[in-house]
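Visitor: To start, I am sharing the structure in question, which I have written as structure tokens.
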Amino acid sequence: MRIGIDLGGTKIETIVLDNAGEICFRKRIDSPQGNYQDTLSAIVSLVREAEKGVGKTCTVGIGMPGTISPKTGLVKNANSTWLIGEPLKADLEQHLKREVRIENDANCFVVSEASDGAAKDAEIVFGVIIGTGTGGGVYIRGQSLIGNNAIAGEWGHNPLPWPDENELPGAACYCGKKGCIETWLSGPGFARDYLAHSSTDKKLTAKEINLLALEGDSTAQAALSRYERRLAKSLASIINVIDPDVIVLGGGMSNIESLYTNVPALWHDYVFSDHVNTRLVAPEHGDSSGVRGAAWLWGKEI
């Protein structure tokens, strides 16, 4: 059996998959905020609880924000910044007394959706995580693309393409740059943009803003319209580079239904082609795509 863990910025989800891909155990907890040791302890406790629940020792695969540096073995590029520079893989292996496989959460997400989800049978797939942060994963002809520097798909830390004058230089990003795609398209980025154009100083979540838009609130609708255009421009830049068959959206922002109609209608203005066949789709496995992909980091060899 395989344990999959989705280590997110706000929650940690754990499942156990059997060989047929059926879920035998599931638990979700809030992510410890700002503390590496608490995060480490939470993961170890979830593994032990999962194994107790199924009565077996399992393999462990983890999807995380950022990645493990091939050079140092330490976490890099994580928007959960308390993980950066920590030996997460080595520490978990020491605590659990076994090999642990760790990949970027967007890579796990795209493997899940391309294997038996919304992009099944597609040759080239780009998987998008738009939640607490903004990540991406690339799947080409049966394999996840990791890259020489373990950063393939990290579109969130490119600048917003074709920016308007009022979008420059953009907000500061935790990576040290300004105007990164993540600062615009993450859930917190969307909420910040809404607040900047609102007459109230009340901070709302992305979900609350979308509900206001559905109810006809003009400020929320304008914020959503700006978001859709920024997402269209950002995804057009991906289409221009890898020309995917399918783009699958994941993360909290992927629950906004209007994106799947409005964004493809907008990206035609930015894609370097006379027509665009790329499909934009919602994840078939929903919030569980990343955690399922993490479990499948251990393949048939077990």
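Visitor: Answer yes or no as to whether LEU297 is within 26 Å of LYS207 (Cα to Cα) and surrounded by 15 or more Cβ atoms within 10 Å (Cβ to Cβ).
Guide: No, not satisfied.
Visitor: Moving to a separate point now. Please find, within the range 170-216, the residue that is farthest from ALA232 (Cα to Cα) out of those that are in contact (Cβ under 8 Å) with a residue 12 or more places away in the chain and among the acidic types (Asp, Glu).
Guide: ASP193
Visitor: At least 2 residues that are buried (at least 22 other Cβ atoms within 10 Å of the Cβ) and not polar (S, T, N, Q) in each: list the strands (runs of 3 or more DSSP E) lying fully within the range 1-77 that qualify.
Guide: The strands (runs of 3 or more DSSP E) meeting that bar are 2-7, 11-17, 59-64.
Visitor: Residue check: is VAL291 touching a residue at least 60 places away in the same chain (Cβ under 8 Å) and either under 30 Å from GLU99 (Cβ atoms) or crowded, with 16+ Cβ neighbours inside 10 Å (or both)?
Guide: yes
Visitor: Report, by residue number, each residue of the range 1-24 that is farther than 10 Å from ALA295 by Cβ, without any contact (Cβ under 8 Å) to a residue 60 or more places away in the chain and of a type outside the set (Asp, Glu).
Guide: Those that are farther than 10 Å from ALA295 by Cβ, without any contact (Cβ under 8 Å) to a residue 60 or more places away in the chain and of a type outside the set (Asp, Glu): LYS11, ILE12, ASN19, ALA20, CYS24.
Visitor: Quick check: anything in the range 143-158 in contact with an Asp or Glu (Cβ under 8 Å, 6 or more places away or on another chain), part of a strand (DSSP E or B) and modelled with pLDDT under 95?
Guide: Yes - at least one qualifying residue is present in the range 143-158.
Visitor: GLN33 versus (1) within 21 Å of GLY137 (Cβ to Cβ); (2) of a type in the set (S, T, N, Q); (3) without any contact (Cβ under 8 Å) to a residue 60 or more places away in the chain: which is the lone unmet condition?
Guide: If we test GLN33 against (1) within 21 Å of GLY137 (Cβ to Cβ); (2) of a type in the set (S, T, N, Q); (3) without any contact (Cβ under 8 Å) to a residue 60 or more places away in the chain, just (1) comes out false.
Visitor: Could you please find all residues in the range 76-89 being touching a strand residue (DSSP E or B) at 6+ places or on another chain (Cβ under 6 Å) and aliphatic (A, V, I, L, M)?
Guide: LEU83, ILE84, LEU88
Visitor: For residues that are of a type in the set (S, T, N, Q) and over 24 Å from GLU257 (Cβ atoms), scanning just the range 185-222, find the one that is surrounded by the most Cβ atoms within 10 Å (Cβ to Cβ).
Guide: Result: THR200.
Visitor: Hey, another quick one. In the range 153-184, which residue that is small (Gly, Ala, Ser) and buried (at least 20 other Cβ atoms within 10 Å of the Cβ) is nearest to LEU297 (Cα to Cα)?
Guide: In this case the residue turns out to be GLY153.
The values are calculated or read from the model by the stated rules, or taken from the named source; none is laboratory data. Being a predicted model, the structure only gives us computed values, none of them experimental. Glycine gets a Cβ as well: all are built from the backbone with ideal geometry, and neighbour counts include every protein chain shown.
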